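Written out below as structure tokens is the structure these notes cover.
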Amino acid sequence: MVDGKARKLITGKGGSYCNDCDHTVDDVHDINKTLQPTTIEYATKEDLVKVHNKIKQRDGTVNMTLSSKDRKGMTTTPLDKPEGMAVLHAGLNSSRLIYKMIGRAECMDISKMSYSTTLSAEGKNKVKNAMYDFGQRVYTHMGIKIMEIGYSNSGDGIVGNTAKEFLSRATEMATLIKNRDVADDIGYITHRLWVIVSHLNSDIGDINVRKFEIYCRQTHREILARLPWFRITPTVHQILDHSWEWISWNGGRGLLKWSEEGLESAQKKDKRL
């Protein structure tokens with residue numbers, strides 16, 4: 001199993017929002033579109049090469065003047081179509097996103113924000129400081145070094161365990177959020193993400209795929225309804241809209257055996273070479 005960055009490099013789809021479908025960032029924040037089925041558009045290496053051949057220029061490079069939808073997000077020559085999704089990073093990136101959203105809720109007027117709001121340098125610094133303060137509270141009251149998730153140079157395999165603990169204790173974590181107007185909603189969404197991630201990153205072999213799909217889609221809609229300023233990242237989109245399908249293809253079993261944890265654990269040794 002490879003991570004998301006490697007998948008983009010291998011597939012040549014560096015400009016796509018999602019490796020598995022043609023949805024854009026605006027699509028996944030449109031509550032009406034969440035009511036429609038979002039399935040993986042399976043593509044073989046040959047399929048990707050056909051798209052590349054259709055849009056490439058004489059020098060072999062992709063015509064970047066085309067819209068991302070026309071070029072299917074392709075930016076470079078495709079090499080292959082790797083299977084699966086980044087299981088370890090599903091939990092890690094979910095917790096990172098929650099952590100950043102709490103930082104925004106702690107110091108910004110979120111009533112004036114949307115998922116597409118871009119922060120100034122000053123705003124980013126305020127959020128970073130708010131994240132640090134929240135991280136200190138979490139460590140004091142819960143004993144979790146949540147700051148590792150946002151700033152640590154530790155391997156993702158190590159930080160991933162911290163992320164899992166943070167997500168699994170969502171209710172307790174929510175009591176530490178100063179902005180009480182959104183604290184319960186953030187805790188609720190965090191818990192639902194944990195339920196999804198814990199099934200995804202497991203070896204459970206009897207998952208009811210239909211119920212899991214409904215739960216994932218409902219979580220997506222709950223995010224848009226409760227936290228409209230919450231920006232859904234490509235990884236979280238894959239968790240909400242595609243994880244059930246990967247589990248279905250895996251015979252109703254979690255994707256633990258596909259986890260990239262082994263790859264991550266070898267990085268420190270590889271860097272010495």
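Quick check: residue separation of Thr171 and Lys33 times 0.36 nm, minus the Cα distance between them. What number comes out in nm?
On the way: separation 138, 0.36 × 138 = 49.68 nm, distance 2.95 nm.
Stretched out fully, the Thr171 to Lys33 stretch lengthens by 46.7 nm.
Scoring 193-202, 123-132 by mean Cβ neighbours within 10 Å over their residues and listing the highest first yields 193-202, 123-132. The listed peptides 218-225, 56-63, 207-214, ordered by packing as a protection proxy, come out as 218-225, 207-214, 56-63 (highest mean of other Cβ atoms within 10 Å first). The range 111-142 and the range 212-236 have Cα centres lying 20 Å from one another. Across the range 95-233, Cα pairs under 8 Å and at least six residues apart give a relative contact order of 29 percent. Simple spin-label estimate for Met64 and Tyr115 gives 2.6 nm between the two label positions (7 Å along the Cα-to-Cβ direction from each Cα). Tell me the accessible surface of Ser111 in square angstrom (1.4 angstrom probe, heavy atoms of protein chains only), to the nearest ten. Ser111 has an accessible surface of roughly 100 Å² with all protein chains in place. At an R0 of 45 angstrom, the distance between the Cβ atoms of Glu122 and Asp203 translates into a FRET efficiency of 0.45. Label-to-label distance, Asn161 versus Lys178, with points set 7 angstrom from Cα along the beta-carbon direction: 3.2 nm.
The values are calculated or read from the model by the stated rules, or taken from the named source; none is laboratory data. Computed from a predicted structure; not experimentally measured. All Cβ positions, even for glycine, are placed from backbone atoms using ideal geometry, and neighbour counts span all protein chains on display. For the accessible areas, the whole protein counts, side chains as well, though only heavy atoms, and no ligand, DNA or RNA atoms are used. Shrake-Rupley method; radii C 1.70, N 1.55, O 1.52, S 1.80 Å.
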